[in-house]
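Data block below; observations after.
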Amino acid sequence: MPSAAELAWLIPLLPLVGAVVTGLGLISFNGAINRLRKPVAISLLTCLGASAVLSYAVLAEQLSGSPPVEHLFVWASAGNFTLPMGYLVDPLGAVMLSLVTTIALLVMIYSHGYMAHDKGYVRFFTYLALFSSSMLGLIVSPNLLEIYVFWELVGMCSYLLVGFWYDRDGAAHAAQKAFVVNRVGDFGLLLGILGLFWATQSFDFQGISDGLSLAISSGEVPTWAALTLCLLVFMGPMAKSAQFPLHVWLPDAMEGPTPISALIHAATMVAAGVFLVARLDPLYSQFPIVGLVIALVGTITCFLGASIALTQMDLKKGLAYSTVSQLGYMMLAMGCGAPVAGMFHLVTHAFFKAMLFLGSGSVIHAMEDVVGHEPILAQDMRLMGGLRKKMPITSITFFIGCVAISGIPPLAGFWSKDEILGQAFNTFPLLWAVGFLTAGMTAFYMFRLYFLTFEGTFRGENKELQNQLLLLAGRNLEEEEHNSHSGSLHESPSSMTTPLLVLAIPSVLIGLLGTPWNSRFANLLNPEEALVMMKNFSWTEFLPLAGASVAISSAGITLAVFAYYLNRIDLGKNVAARFSSINSFLVNKWYLDVINEKIFVQGSRKLAREVLEVDAKVVDGVVNLTGLLTLGSGEGLKYFETGRAQFYALIVFGGVVALVALFGVLGAPPPA
């Protein structure tokens with residue numbers, strides 16, 4: 001009987017088959033397939049569930065000490081060149097397979113309730129299955145070229161899902177923005193992959209690492225070229241994992257349905273970049289300067305996301321910038337030479353961030369019954385408040401997520417974030433200081449979200465406030481269009497609350513797998529590193545750093561309590577008004593969108609208009625002039641076509657006389 005690892009190729013294939021069959025059905029029999037909502041959902045859930053079971057079996061084998069399994073076949077060959085494809089199962093891949101299938105399965109169950117009344121229900125489930133399959137294929141890819149294929153499929157699926165409600169201008173623009181920004185990173189990634197193949201004649205991860213080291217030592221490849229190739233490859237993860245300055249697409253991706261936000265931000269698209277950097281750690285670890293660049297980019301991203309989240313009033317966008325910040329922590333770990341710590345934070349973050357996003361979807365689902373489906377109103381925390389009494393399950397799980405991401409022990413976020421900060425303290429103390437400050441900011445803005453949403457009194461029935469928010473957003477809808485809803489707040493159905501309760505369990509407990517004195521997570525991914533961690537662990541080093549981390553997080557929570565729960569501090573008057581320029585800077589998201597709009601969007605449009613002018617006036621002018629000259633000369637020459645030999649002889653004689661006269665004037669002898 002084959003082992004689970006030998007059947008790992010079925011993990012991405014099963015949801016792919018389900019998506020293809022359903023997609024073909026939608027193309028061929030759209031009406032009939034759309035009426036079969038429940039059978040389609042059950043079939044796709046079954047496919048993804050089978051992949052999840054296989055993933056757990058693969059993880060169990062790796063935990064029991066089974067060696068990595070790699071199966072390859074020749075996909076293309078020419079002379080001495082062969083291009084292998086196949087699949088690879090190792091501890092890193094096993095962890096990611098289990099994570100992605102778990103989150104995707106819970107998101108799909110949640111979507112049954114969230115998208116129940118959407119006319120695109122079947123199409124949405126099809127996209128979900130295809131998205132999950134693409135990410136699973138990326139995880140089991142044994143080389144960079146195969147990863148690139150699935151990398152682009154993940155990008156395509158994100159475009160389809162972010163723009164799922166394509167009839168909304170915001171969703172269409174967000175999908176285009178995500179697609180274009182990711183193409184920038186992917187272009188760098190492709191150049192880097194091709195350059196590494198030129199230097200090493202390999203697409204294999206270890207082959208590239210060993211080959212580049214040998215090429216540098218032999219002088220075949222200069223060091224600067226190797227560094228350039230490594231940084232080009234890193235451009236792909238910069239865009240996919242929303243690192244500064246290519247992070248701008250991720251907050252706008254909130255225009256898609258909330259289940260997609262949870263899947264993108266937790267375990268699929270943004271996780272792909274961190275996963276690829278972890279895969280390429282043998283390559284990047286050869287160049288300390290590359291590690292410094294990665295750590296610096298991660299630190300800037302970490303602080304940028306947290307600072308912007310401080311001022312966000314849109315619930316989903318606040319969580320989106322939180323994701324940007326946490327991805328910065330992961331990249332900081334990768335740059336510090338601690339891929340295990342970065343991957344551990346990716347795992348813990350996936351569970352509590354998926355829970356937070358699904359919790360926000362539950363809130364929005366309830367708000368829509370009161371304020372309507374206008375996202376400007378349903379997602380604005382200024383219209384929320386007091387939801388804890390009406391939505392106890394959502395509020396409790398959201399609170400657990402806030403505590404976990406704030407880094408309060410013993411919840412999951414404390415262990416993974418503290419491990420990253422410890423690694424940064426030993427490697428780049430200045431970057432640790434920024435990460436340490438960001439930890440306090442994280443605790444503050446997360447509890448700000450919680451208190452504004454779930455505590456206090458409900459503000460959603462304030463019609464005047466609704467109109468003010470619409471006017472601030474440049475909208476002027478009539479009363480009957482957005483205020484005619486008379487529903488009441490209520491807890492979401494069990495299909496939506498059950499995934500929240502399931503995700504709450506790992507959000508609390510999974511961090512205990514990475515305790516620094518006995519990290520079972522590190523022992524799975526890198527037993528040698530785990531042994532070093534255990535030998536070097538010291539309570540005298542751990543307690544001060546951990547205590548400082550908890551202290552600054554507690555300070556952030558305390559400030560949020562006084563400002564948004566007890567209402568003892570008016571931050572709007574005391575801070576925002578006093579430091580209006582800083583507040584404006586953060587509200588406008590560091591003006592990065594404005595800069596991109598002026599330089600790249602308007603600049604490219606201006607360039608396109610100028611090229612169009614050149615094409616219309618110069619290129620078309622030359623073509624039209626040539627045509628006119630041909631037409632005019634033809635029109636004139638037709639009068640010389642008389643058919644009389646005497647007339648033709650006269651023309652020849654006249655031509656000879658003209659040539660003699662011309663050469664006489666020029667002083668040159670006429671031709672013989």
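The values are calculated or read from the model by the stated rules, or taken from the named source; none is laboratory data. The model shown is predicted, which means the values in this text are computed figures rather than measured ones. In this analysis, Cβ positions are derived from the backbone assuming ideal geometry, glycine residues included, and neighbour counts consider all displayed protein chains. Only protein heavy atoms, including side chains, enter the accessible area calculation; ligands, DNA and RNA are left aside. Shrake-Rupley method; radii C 1.70, N 1.55, O 1.52, S 1.80 Å.
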Helix 269-279: angle to the longest alpha-carbon principal axis of the chain, degrees 0 to 90, nearest 10?
90
With contacts defined as alpha carbon pairs under 8 Å and 6 or more residues apart, what's the relative contact order of segment 124-242 in percent?
24
What dipole magnitude, in Debye to the nearest 20, does the chain give about its Cα centre under +1 on Lys/Arg Cβ and -1 on Asp/Glu Cβ?
880
Take every Cα pair under 8 Å in the chain that's 6+ residues apart, average their separations, divide by the length, and report that relative contact order as a whole percent.
11
Given charges at Cβ of Lys, Arg, Asp, Glu: the chain dipole, positive-most of Ala555, Ala116, Gly440:
Ala555
In the chain, if the dipole is taken from +1 on Lys/Arg beta carbons and -1 on Asp/Glu beta carbons about the Cα centre, which of Ala424, Phe663, Leu545 is farthest to the positive end?
Leu545
Calculate the spin-label point distance for Phe663 paired with Leu625, positioning each point 7 Å from the Cα along the beta-carbon direction, and give it in nanometres.
3.2
According to the Cα gyration tensor, what semi-axes, each the square root of 5 times an eigenvalue, does the equivalent ellipsoid of the chain have, listed from largest to smallest in whole Å?
53, 35, 28
Using helices alone, I'd like the mean residue ellipticity at 222 nm for the chain: each DSSP H run of four-plus residues gives -39500 (n - 2.57), total over residue count, nearest 500.
-23500 deg cm²/dmol
Show which lysines lie in cross-link reach of Lys535 when reach means a straight Cα distance below 22 angstrom and same-chain residues fewer than eight apart are skipped.
Lys417
Partner lysines whose C-alpha sits under 21 Å from that of Lys606, ignoring same-chain residues fewer than 8 away, are Lys177, Lys598, Lys617
Once you sort the root eigenvalues of the Cα gyration tensor of segment 489-553 as a ≥ b ≥ c, which label holds: rounded (a/c under 1.5), prolate (a/b larger than b/c) or oblate (the other case)?
oblate
Cα-based shape type of segment 545-593, given that a ≥ b ≥ c are square roots of the gyration tensor eigenvalues and the cut on a/c is 1.5:
oblate
Within segment 199-347, what whole-number % of the accessible surface is contributed by carbon and sulfur, with the 1.4 Å probe and all protein chains included in the calculation?
66
Amide hydrogen neighbours beyond the local backbone of Leu387, cut-off 5 Å, H modeled
Phe454, Glu455
Work out the charge dipole of segment 57-180 with +1 on the Cβ of Lys and Arg and -1 on the Cβ of Asp and Glu about the Cα centre, then indicate which of Leu161, Ser98, Ser141 is farthest towards its positive end.
Leu161
Expected vector for segment 558-572, Karplus 3J(HN,Hα) from phi with 6.51, -1.76, 1.60 and θ = phi - 60°, integer Hz, x for Gly and Pro, equals 4, 4, 5, 4, 5, 7, 10, 10, 8, 6, 8, 10, 9, 5, x
Ranked output for segments 404-412, 554-562 by mean other Cβ atoms within 10 Å, highest leading, reads 404-412, 554-562
Take peptides 244-251, 534-541 and line them up by average Cβ neighbours within 10 Å, highest first, as a rough protection proxy.
244-251, 534-541
I need to check one value: relative contact order of segment 37-145, counting alpha carbon pairs closer than 8 Å and at least 6 residues apart, in percent.
34
Using only Cα atoms and rounding to the nearest 10 degrees, what angle (0 to 90) does helix 527-536 make with the longest principal axis of the chain?
50
Whole-Hz ³J(HN,Hα) for each residue in segment 114-123, computed from phi via Karplus 6.51 cos²θ - 1.76 cosθ + 1.60 with θ = phi - 60°, x for glycine and proline: what do you get?
5, 9, 4, 9, 7, 5, x, 3, 5, 4
So what J values fall out for segment 27-43 if you push phi through Karplus, 6.51 cos²θ - 1.76 cosθ + 1.60 with θ = phi - 60°, rounded to Hz, Gly and Pro as x?
5, 8, 9, 4, x, 5, 5, 5, 7, 9, 4, 5, x, 5, 4, 5, 5
Quick one: which of 109-115, 33-39, 387-393, 143-149 comes out on top by average Cβ neighbours within 10 Å, and what's the full order, highest first?
109-115, 143-149, 387-393, 33-39
